[in-house]
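Student: Quick one: the structure is below, questions incoming.
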Amino acid sequence: MTASRLATGGSAIDRSRPIRFSFDGTSVDGFVGDTIASALLANDVAVVGRSFKYHRPRGIWGAGVEEPNALIDIGGPRATPNARATTEPAREGLVAKSVNATPNALADRNAFLDRFSRFIPAAFYYKTFMWPDWHMFEPRIRAMAGLGKVDTDWTSPGTSDQVNHHCDVLVVGAGPAGLAAAKLAADADLSVTLVDDQRKPGGSLGHRAGDIDGGPAAEWVEATIAGLAGGGHLILPSTTAFGIYDHNLVGLNQRQFDGRPDTLWRVRPRRIVLAAGAIERPLPFANNDLPGIMSADAALAYLRRHAVLVGKRVVIATNNDSAYEVAEAIAEAGADVALVDIRRDGMPVAPAKVRQFKGRTLASAAGRLRVEGVTLDDGTRLDADCVLVSGGWTPTIHLFGQARGKLAWSEARAAFLPGNPVDGIAVAGAAAGAVSLSEVFASAEKAAASLGQTKAAIPRSTGPEATAGIVAAWPMPGSKGRIWIDYQNDVTVKDVELAARENFVSVEHLKRYTTLGMATDQGKTSNLPGLALMAGITGRTVPEVGTTTYRPPFTPVPLASFAGARVGELMAPVRRLPLETVHRAGGAVFQEYGGWLRPAHYGGRNADAVRAIQDEAFRARQSVALFDGSTLGKIEVIGPKAAEFVDFLYYNTMSALRPGRCRYGFMLSENGVVFDDGVLVRLDEHRFVVSCSSSHVAAVHARLEEWRQDRFGRGAVYIHNATSEMATLTVSGPNARTLLETVGFGLSLADAALPHMAIGHGSYAGDEVRIARVSFTGDRSYEISIRADRAEPLWAHLRQAGQAFDAVLIGLEALMILRAEKGFIVIGKDTDGTTLPHDLGSDGPRTKRQTEYVGRRSLFTEEASRPDRMQLVGLTVPQGEAALATGAHGVERRGGKLHSIGFVTSSYESPALGQPIALGLIERGAARHGETIEIQHLGKHRTATIAAPCAYDPAGDRLNA
Amino acid sequence: MQLFPCPFCGPRDETEFHYGGDAGNARPDGGDVPIDRWANYLYLRSNPKGAAREIWVHMNCGEFFVMERDTLTHEVLSSTALGEEHTA
Ligand SMILES: [Zn+2]
């Protein structure tokens, strides 16, 4: 054993609550408060995964979100691929598996790849397997490389909550800077939201020394949090501010530990204080990726938070002062510590019992499955079971960078710091380059001052003060051995040198060529060393090389968080009929049509469906059919300019319509294409009802509103969409009037009083009804509109009265046959995005109308006047043949080649005619009635004869039969 | 996600809005409008980099309005109800 749990201590763990979980099939003991990483370390598990490309053994590097190595797949109902062991709480019964390792991290069968590493440098796979086709090799290469596995059988235990939130100040980070800034803002009566990615607030104060206002830092953290909570401010632990978007919208991902999926927060703060701290960097030396080589600060965190001592013989390498507190604490905890400092002078005094090597660096580390020793640059060999490194600190300024904040290079800090301020964002603490608590609090005060208040006193640092003292120690070109820059993507110094040789010297090219800084950790530990190395290779300064573009998310966010409740039926909710339950009880089979859930047919499922539909369509013509047409648009146009308005909106002149009458017409788009068809009802002089297609109501309504507001003004026309307020029940067939007379609506249904294309007003059971005599079946039809909530008794009455007439309930499928028999079109089915009104045989308004209407000018272009336009036709097939396929093309041979002359748009078996019928759009079709053409479908050819669109009752006698 | 100011409802998320085209793209009336002019009205958009005047509709209240915004910085400069362009 080398790493171990100490008998006492550990501020984060609860020793009274032991837990057990499994990692790669082995059981691991820990306590509540452990992360998976701290528990693995306490159990001396050194190898936790295999690297992305070379399958090198890898151990835990850090203690937070920056972790590049310790990725694990978590199974079970809360399955998560590529979870970070360092931020994932250990819990009883959890099943974790290392990534990219078969069968496990310790004994990985692809480990041989590492021996071929010098043959597989950056871009090797792409270059080598380009011929004959990368995709031939890709699946097997992908199976060998990569990280976690997605469990494709997994289903979410619930939907993620999404919360919209507003506040005056959003403080990101609950370390000393964030807490101080939050307190200052709260004292100034601003509403504060404080988020932190740890479960416990305090940030670095959780494991770094410090006294505040004369007491231990932990007490100050507790008091400050209590003060904020007591003041009604929102504190969100385990929450990461992962992205900042337009107009300073901040996305938060909140972990839940009670079985719920993560919560997505969309926060609109007036101001943002970014106090996200800083991340420790590695140091460059050969084999610096061996398990047991860790961030020095992380080791201190494991010691003080989890009582885990990471090794017995510990070498600490540093280029700055922050490692000295680590050395002192690790030595005090009982380890043998050697401290290797790159600096010859100017560093702090070595702590007691710590051997100090001044002016030295690590040249290499040795070991197989874990580090066993190091060699210094002067050849000194030191045994070690753990190597802690501190290569300096990279401020966490992702949100600032995402908000297009410019960075300023600081030689004194060997880091990029926030440059020119970004509107609405203040950066404080280590993220702004502060090192001592006094500097941290000063920067918090400055950030708070930018919020526009000054009155509260800032906390005072009353204990030891940290110092920076950093000397840059960047990876150098030409270094010996394999020196890792990016652990997660297996990018070494040599890969960066190769990129430079091949002239990928810009950071963005470097990133894409070597994959430096990609994947789940986004280069939190590797970006700066990588671009500093590129600077060294190309003789530029670090700021001259610059950084890659900062993009969200800072840490991976589950897609389920972004989806929220928009899954399944809620992704695109269907519209429902008021009588849905009645229809279901009546045996209706429902389908979705243009966003509406409607009866397709009544009775008959699967193979029987076709027979049921044919039966409905046949019987509808015999006596009387009942149909629920409630989805039909009912958009009211009201006002002194209503007539002028509908004239402009319709292709047909509508102002000539007398009150109480209806007219069928087209609405066009400005490019002349038929947008919608339907019946317009004139209720009175200044009131119309636009009865548009069911699936088109929202679009027609929007179009009416646009023209109303843009051309007619709000005062002269008013538009009201009453579609869902009214149910429309249609009674169609030779016996329709007789049936309605037995029900009685208090108005005369005689043809003289209520002729075809007229409306009447009556009542049913005390409710007003509007009866429109319009027909989509070609038979005598009545559309009865009544308040939606009163439709059920009327429907029941119609059904009951219909029994005497052998009435049939018909669904939409039968209606489609009936309308096709008549040659009545469905827009978007029998027309396409080029169909003009005269293609459908409606040329009157185009040639005669003198007044303005939508789309008018487009009907007189060269294109609109082409003689070979596709026109609406009927199509018949030779006796005894089956129906044509919808979508089949009419073809002609021109110069030996087949050429499409149009296509079949609708095709059915007509029970009334006892033969197939079809509609189509065919070039010059209107002038070719009687001509037989060739039809091609899926390589098969047959013939059809062009006819008039109307195949049934062309004289229209049945409208009044 | 941007915040757009509806002149009727105040600032709202951009997902509540639909784009309605360039402001000032006046419709030329008549069956004999020169075809080039009609084509410009139908198809040619200015797509400026920087300040732009655009028509937007707030889907929740259904009102169309003119919004001036910077297409580069996404800064919103003004929003005005239709018909009030000269009064606001
Ligand atoms: Zn609005």
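The values are calculated or read from the model by the stated rules, or taken from the named source; none is laboratory data. Please read these numbers as outputs of a predicted model, since none were measured by experiment. So basically every Cβ, Gly included, is an ideal-geometry build from the backbone, and we count neighbours across all protein chains shown. To get the accessible areas, we keep the full protein, side chains included, count just its heavy atoms, and leave off ligands, DNA and RNA. Shrake-Rupley method; radii C 1.70, N 1.55, O 1.52, S 1.80 Å.
Student: What's the FRET efficiency of B:V33 with A:Q256 using the Cβ-Cβ distance as r and R₀ = 41 Å, to the nearest 0.05? Don't skip to the answer; put the middle values down first.
Tutor: Numbers: r = 61 Å, r/R0 = 1.49.
After rounding to 0.05, the efficiency reads 0.10.
Student: Within the stretch A:864-921, which GluC sites (Glu not before Pro) sit in a loop by DSSP and count at most 14 neighbouring Cβ atoms inside 10 Å? Present the calculation step by step, with values, prior to reporting the outcome.
Tutor: On the way: sites: A:E881, A:E892, A:E909; in loops: A:E881.
Answer in residue order: A:E881.
Student: Right, here's the next one. Report A:R658's accessible area, 1.4 Å probe, all protein chains in place, as a number in Å² to the nearest 10.
Tutor: Approximately 140 Å² for this residue.
Student: Find the accessible area per residue for the stretch A:563-614; the probe is 1.4 Å, ligands and nucleic acids are left out, and the unit is Å².
Tutor: Details: 2970 Å² over 52 residues.
Dividing the accessible area of the stretch A:563-614 by its residue count gives 57 Å².
Student: Which value, in Å to one decimal place, does the Kirkwood hydrodynamic radius take for the stretch A:540-593 when every pair of different Cα atoms is included? Each step should come with its number before you reach the end.
Tutor: Working: mean 1/r = 0.0602 Å⁻¹.
Evaluated over the stretch A:540-593, this radius sits at 16.6 Å.
Student: Can you give me the long-range amide H partners of A:T86? Hydrogens built in the peptide plane at 1.01 Å from N, cutoff under 5 Å, separation of 5 or more residues or another chain.
Tutor: Here the answer is A:A37, since their amide H atoms fall under 5 Å of that of A:T86.
Student: Kindly compute the accessible surface that chains A and B hide from a 1.4 Å probe when together, both sides summed, and give it to the nearest 100 Å².
Tutor: 2000
Student: Which whole-number value in Å³ per residue fits the convex hull of the alpha carbons of the stretch A:282-391? Mind dumping the intermediate values first?
Tutor: Details: hull volume 8.9 nm³, N = 110.
In the stretch A:282-391, the Cα convex hull volume per residue is 81 Å³.
Student: Strictly greater than 13 Å: what percent of every Cα pair in the stretch A:204-281 meets that?
Tutor: 77
Student: Follow-up question, since we're still on this one. For the peptides A:583-590, A:47-54, what is the packing order when you average, over each peptide's residues, the other Cβ atoms within 10 Å and list the highest mean first? Provide the component values of the computation, followed by the final result.
Tutor: Details: A:583-590: 16.2, A:47-54: 25.9.
Those peptides, ordered most packed to least, come out A:47-54, A:583-590.
Student: For helix A:527-538, what angle does its Cα long axis make with the longest principal axis of chain A, in degrees from 0 to 90 and rounded to 10?
Tutor: 70
Student: Using only the alpha-carbon atoms, what does the stretch A:1-155 span along each of its principal axes? Please give whole angstrom values in decreasing order.
Tutor: Cα extents, longest axis first: 62, 38, 25 Å.
Student: Explain nothing, just the number: relative contact order of chain B, from Cα pairs under 8 Å at least 6 residues apart, as a whole percent. Don't skip to the answer; put the middle values down first.
Tutor: Working: 135 pairs, mean separation 23.9, N = 88.
Once divided by the residue count of chain B, the mean separation gives 27 percent.
Student: What figure in square angstrom, to the nearest 10, would you give for the accessible area of A:T462 with a 1.4 Å probe?
Tutor: Roughly 60 Å² of A:T462 is accessible to a 1.4 Å probe.
Student: One quarter of the convex hull surface, Cα atoms only: what value does that give for the stretch A:625-818 in nm²? Don't skip to the end; give the middle numbers.
Tutor: Values: hull surface 43.5 nm².
That works out to 10.9 nm², a quarter of the Cα hull's surface.
Student: Give me the percent of DSSP beta bridges within chain A that run antiparallel, rounded to the nearest 5. Before the final figure, lay out the partial values.
Tutor: Numbers: 131 of 177 bridges.
Looking only at bridges with both residues in chain A, the antiparallel portion is about 75 percent.
Student: Sticking with this one: Given N residues in chain A, what is its alpha carbon radius of gyration divided by 2.2 N^0.38 Å?
Tutor: On the way: Rg = 38.2 Å, N = 961, 2.2 N^0.38 = 29.9 Å.
Relative to the rule-of-thumb radius for its length, chain A sits at 1.28.
Student: Multiply the residue gap between A:T375 and A:T549 by 0.36 nm, knock off their C-alpha separation, and tell me the result in nm, one decimal place.
Tutor: Values: separation 174, 0.36 × 174 = 62.64 nm, distance 3.72 nm.
This chain segment gains 58.9 nm when fully extended.
Student: If you don't mind, there's one more thing I want to ask. Is the stretch A:474-545 rounded, prolate or oblate when judged by the Cα gyration tensor, a ≥ b ≥ c being the square roots of its eigenvalues, rounded requiring a/c under 1.5 and prolate requiring a/b larger than b/c? Walk me through the numbers on the way to the answer.
Tutor: Numbers: a/c = 1.43, a/b = 1.20, b/c = 1.19.
It comes out rounded by the Cα gyration axes.
Student: Also, I was wondering about something else. Using the Karplus curve 6.51 cos²θ - 1.76 cosθ + 1.60 with θ = phi - 60°, work out ³J(HN,Hα) for each residue of the stretch A:259-266 in order, rounded to whole Hz, and write x for Gly and Pro.
Tutor: x, 6, x, 4, 10, 9, 10, 10
Student: On a 31 Å Cα-Cα criterion, which of the cross-link pairs A:K183/B:K49; A:K446/A:K511; A:K511/B:K49; A:K97/A:K406; A:K97/A:K312 come out too long?
Tutor: Working: A:K183/B:K49 42 Å; A:K446/A:K511 35 Å; A:K511/B:K49 29 Å; A:K97/A:K406 40 Å; A:K97/A:K312 27 Å.
With Cα atoms farther than 31 Å apart: A:K183/B:K49; A:K446/A:K511; A:K97/A:K406.
Student: If you don't mind, there's one more thing I want to ask. Count charges around A:P459 for me, please; just the other residues with Cβ under 10 Å from its Cβ, Lys/Arg as +1, Asp/Glu as -1. All intermediate terms of the calculation are to be shown ahead of the outcome.
Tutor: Values: positive: A:K183, A:R460; negative: A:D213, A:E445.
Once positives and negatives cancel, what remains is 0.
Student: Helix A:791-802 versus the longest principal axis of chain A: what angle, 0 to 90°, nearest 10, using Cα atoms?
Tutor: 40
Student: Same structure, new question: Nearest 0.05, what FRET efficiency do A:V574 and A:A722 give at R0 = 22 Å with Cβ-Cβ as r? Working shown, then result.
Tutor: Details: r = 20 Å, r/R0 = 0.91.
Result of the calculation: an efficiency of 0.65.
Student: Which FRET efficiency value, to the nearest 0.05, do you get for A:S506 and A:A472 by plugging their Cβ-Cβ distance into 1/(1 + (r/R0)^6) with R0 = 22 Å?
Tutor: On the way: r = 22 Å, r/R0 = 0.99.
The formula returns an efficiency of 0.50 here.
Student: Can you give me the accessible area per residue for the stretch A:1-155, using a 1.4 Å probe, in Å²? Intermediate values should be presented prior to the final figure.
Tutor: Details: 7430 Å² over 155 residues.
About 48 Å² of surface per residue is accessible.
Student: Give me D for the stretch A:482-620 in µm² s⁻¹, whole number, from Stokes-Einstein with Rh from the Kirkwood sum over alpha-carbon pairs, 4 °C and 1.567 mPa s.
Tutor: On the way: Rh = 20.3 Å.
Approximately 64 µm²/s, per Stokes-Einstein.
Student: Using a basic spin-label model with each label point 7 Å from the Cα along Cα→Cβ, how many nm lie between B:K49 and A:S655?
Tutor: 4.8
Student: Which residues' amide hydrogens lie under 5 Å from the amide hydrogen of A:I19, considering only partners 5 or more residues apart or on another chain, with H built in the peptide plane?
Tutor: Residues meeting the criterion, in which the H sits 1.01 Å from N, are A:G30, A:F31, A:V32.
Student: What number comes out for the charge environment of A:D321, summing +1 per Lys or Arg and -1 per Asp or Glu over other residues with Cβ under 14 Å away?
Tutor: Details: positive: A:R208, A:R343, A:K358, A:R413; negative: A:E280, A:D297, A:E325, A:E328, A:D341, A:D345, A:E439, A:E465.
Net charge in that neighbourhood comes out at -4.
Student: Can you give the angle from 0 to 90° between the axis of helix A:697-707 and the longest principal axis of chain A, with both taken from C-alpha atoms, to the nearest 10?
Tutor: Once rounded, the angle reads 90 degrees.
Student: Turning to a different aspect of this structure: List the relative contact order of the stretch A:625-818 as a percent without decimals, with contacts defined as Cα pairs under 8 Å and 6+ residues apart.
Tutor: On the way: 374 pairs, mean separation 48.1, N = 194.
Relative contact order, the stretch A:625-818: 25 percent.
Student: Can you give me the long-range amide H partners of A:M294? Hydrogens built in the peptide plane at 1.01 Å from N, cutoff under 5 Å, separation of 5 or more residues or another chain.
Tutor: A:V387, A:L388, A:V389
Student: Would you kindly compute the Cα radius of gyration of the stretch A:818-961 and its largest Cα-Cα separation (Dmax), both in Å?
Tutor: Cα only, the stretch A:818-961: 16.1, 51 Å (Rg, Dmax).
Student: As a test question: what accessible area, to the nearest 10 Å², does A:S748 have when a 1.4 Å probe is rolled over all protein chains in place?
Tutor: 60
Student: In whole percent, and with a 1.4 Å probe on the protein chains, what portion of the accessible area of the protein assembly as shown is carbon and sulfur? Mind dumping the intermediate values first?
Tutor: Working: 23590 of 44390 Å².
Accessible surface attributable to carbon and sulfur in the protein assembly as shown totals 53 percent.
Student: Which of the aspartates and glutamates could be linked to A:K641 by a straight reach, that is with a Cα gap under 13 Å, when you skip same-chain ones fewer than 8 residues away?
Tutor: List returned: A:D684, A:E685.
Student: Report the full-extension gain for the segment A:E411 to A:A961: residue separation times 0.36 nm, less the Cα-Cα distance, to one decimal in nm. Write down the numbers at each step before the final one.
Tutor: Values: separation 550, 0.36 × 550 = 198.00 nm, distance 9.52 nm.
Contour length minus Cα-Cα distance gives 188.5 nm.
Student: Related question: Residue by residue through the stretch A:565-580, which ³J(HN,Hα) values in whole Hz follow from phi under the Karplus form 6.51 cos²θ - 1.76 cosθ + 1.60 (θ = phi - 60°), with glycine and proline marked x?
Tutor: 7, 7, 10, x, 5, 6, 5, 9, x, 7, 8, 10, 7, x, 9, 3
Student: Order these peptides, A:755-767, A:204-216, by their mean beta-carbon neighbour count within 10 angstrom, highest first. Before the final figure, lay out the partial values.
Tutor: Working: A:755-767: 15.0, A:204-216: 18.2.
So the peptides A:755-767, A:204-216, ranked by packing, come out A:204-216, A:755-767.
Student: Just to confirm the filter: which trypsin sites (Lys or Arg not before Pro) across the stretch B:1-84 are DSSP coil and have at most 14 other Cβ within 10 angstrom of their Cβ? Mind showing how you got there, number by number?
Tutor: On the way: sites: B:R12, B:R37, B:R45, B:K49, B:R53, B:R69; in loops: B:R45, B:K49.
Loop-located and lightly packed - B:R45, B:K49.
Student: Still on this model: So what J values fall out for the stretch A:433-439 if you push phi through Karplus, 6.51 cos²θ - 1.76 cosθ + 1.60 with θ = phi - 60°, rounded to Hz, Gly and Pro as x?
Tutor: Result, ordered by residue: x, 6, 10, 7, 4, 4, 5 Hz.
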